[in-house]
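Structure record follows, encoded as structure tokens.
FYI, it's all coordinate maths here, none of it is from the lab. Bear in mind that the values here come from a model prediction, so they are computed numbers and not experimental data. In this analysis, Cβ positions are derived from the backbone assuming ideal geometry, glycine residues included, and neighbour counts consider all displayed protein chains.
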Amino acid sequence: MTVDRTGPTVSSSSPNAFETLFSETATLRVTFSEPIRLKSAEAPMASIQVDYQEWSSRMTLSDDRLSLSTTMIQPYLLPSEGSASMSCEDITDLAGNPAQFNPYPGPRIHWSWRVPSFKSEPAFSFERTPGVREGASVAGRPALAVESGGALVVAVADSHGMTERNETDGARIVVGRLEGNVWAVLGAPFAAPGAREEATVSRPQLALGSDGHPVVAFLQRDSASAGAALHVFQWRPPAWMPLGARLNLAEDAAPYDVALAMDSEGRPVVAWSASDGVRVRRWTEGQWLALGDIQRVGTGPGSTVSTDAPALSVDGSGGIFVAWAEAESADVLAGLHVRHWNGAGWTALGERLLHDRYFPDRYRVTQPALATLPDGRPVAVWGEMHGSEYHDGMVVARWSGSAWNLEVATSWEEGLDGEKRRWPTVAVDGHGRVLTTFIGGRSSSSLYANWYPRELHRKERVRDYSGAVPTSLALDAAGHPVIAVSKGGSLSIYRPNQ
């Protein structure tokens, strides 16, 4: 006969992690290795602290006698921290053996947890070969969109298999879709038809068509010495199909970077920057049609169009906004220029934009982004840089209908060294509230988000990073931010922990 002299041990407890899901904060629970018996008529009390609230709560024994649990007060705003403890003096197994525990600081069970404002989604992985899932080798900035049903769609330049890698170029474009906790790849990795094995792709942009199918714009180089060609593909299940031929002619100035949007009728609109200006095309009745002439301000030998991507947004009534950074002469650094397509031509919205406009030879605009308010007015954001030394701040500009209202959305501590990029993004929710993300931090870099949890504006640190990382922003159906970040070849996605 075997005599049981081993008491029950704790097999699991929750919440009890540094990154706890908000849904896990509703219940305090401990589960034992075997059914337990309570010496007292009542279950033990748990002492709980969540942020600055402290209270005691009676635990309840489960029907199978394996768990003790109680309901907790959930935090109103995140991030939040919590802790709890419970005496186990009156807990034994059914044979009367006392529960095992760490004797210091007494016969108690302890919990501790932290609930961040943003939670991580599952890492992007897919089957390169049947039955073997691997993570994407992301080069450069990921592109992100959210379907009306909540599924996430990302497009990345995947550098898997490349012998020589850099920060921007991949071997093929890969598009993934996350529904629930499962990633699926849409079609095979792709490049333009007839692409050589050594061809590289970069700078993907992503938008969802009126049918919900993704459209991707990207740059492709067929060799290290070749100029970039701009291509646009549309997902037509079960394959990716090109929308026309390359957009830029071989004799045109090579594209620096590209922007993509859908107009109010669901037609793709593409803009790209080059040394001679910014071009805008719209897919209309099976062909790419130019919207006006090449856009630029300066015409003299000292004028320079920024190598940053232009920015696009639509006004909801057929109009299109485009913005780009340009130094109009050798006497100034780049300012921001915004123009509106009204169906017949381009109209400038105000003059050049620069927050520190009294020092146009010291400050310059970098990485502009655009969004549109519900009433059709544009919002522009950009990083403002002091020469090439440091990023002074991120600027948010709202068009009133006749003038721009500018504000700096960063603090001094959120400045950034010049060799890093700020990666500003902007979106507007259904209430007309402006949401932004950016990289900042003088001593160490962090990803920040300006958003509205529980209808309150907050600027929060989403994650810390060792360097400035490429980011993209989209909004879900509730107007909450979804953020994609590429770092060291991997892709991370964060969304509110609610």
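Observations
- For region 1-133: rounded, prolate or oblate by the Cα gyration tensor [a/c cutoff 1.5]: oblate
- Residues of region 151-173 with amide N under 20 Å of the 7 Å Cα→Cβ point at Ala224: 158-172
- Non-local lysine pairs in the chain, meaning eight or more places apart or on different chains, with alpha-carbon distances under 26 Å, amount to 6.
- By other beta-carbon atoms within 10 Å, ranking Phe190, Phe18 with the fewest at the front produces Phe18, Phe190.
- Of Ser388, Leu78, Ser466, farthest towards positive along the dipole that unit charges on Lys, Arg, Asp, Glu beta carbons give the chain: Leu78
- Highest mean first, the peptides 375-384, 297-306, 274-283 sorted by other C-beta atoms within 10 Å per residue fall in the order 375-384, 274-283, 297-306.
- Against the empirical 2.2 N^0.38 Å (N residues), the chain has a Cα radius of gyration ratio of 1.17.
- Two-site FRET efficiency, Ala348 against Ala184, from Cβ-Cβ distance with R₀ of 45 Å, rounded to 0.05: 0.55
- Stretching Ala290 away from Glu42 to a fully extended chain increases their span by 81.5 nm, per 0.36 nm per residue minus the current alpha-carbon distance.
- Proximal charge balance of Phe18 [Cβ under 14 Å; K/R count +1, D/E count -1]: -1
- FRET efficiency estimate (nearest 0.05) - Cβ-Cβ, Arg433 to Leu66, R0 56 angstrom: 0.75
- Normalised contact order of the chain, rounded percent, pairs of Cα under 8 Å and 6 or more residues apart: 10 percent
- Amide H partners (placed H, <5 Å) of Asp476, local residues excluded: Val482
- Computed about its Cα centre, the charge dipole of region 10-116 is approximately 100 debye, with only Lys, Arg, Asp and Glu carrying charge at their Cβ.
- Neighbour-count order for Leu21, Leu243, Leu354, fewest beta carbons within 10 angstrom listed first: Leu21, Leu243, Leu354
- Set of region 183-208 residues, backbone N closer than 16 Å to the point 7 Å along the Cα-Cβ line of Gln234: 206-208
- Distant-in-sequence amide H partners of Ala226 (H built 1.01 Å from N, under 5 Å): none
- Per-selection Rg to Rh, region 246-288 - Cα, Kirkwood hydrodynamic radius: 0.99
- Rounded to the nearest whole Hz, the Karplus-based 3J(HN,Hα) values (6.51 cos²θ - 1.76 cosθ + 1.60, θ = phi - 60°) of region 223-231 follow the sequence 7, 5, 9, 7, x, 6, 10, 9, 10, with x at glycine and proline.
- FRET efficiency, 1/(1 + (r/R0)^6) with R0 30 Å, evaluated for Ser148 and Tyr52 via beta carbons: 0.15
- Amide H contacts under 5 Å for Thr410, placed H, 5+ residues apart: Met394
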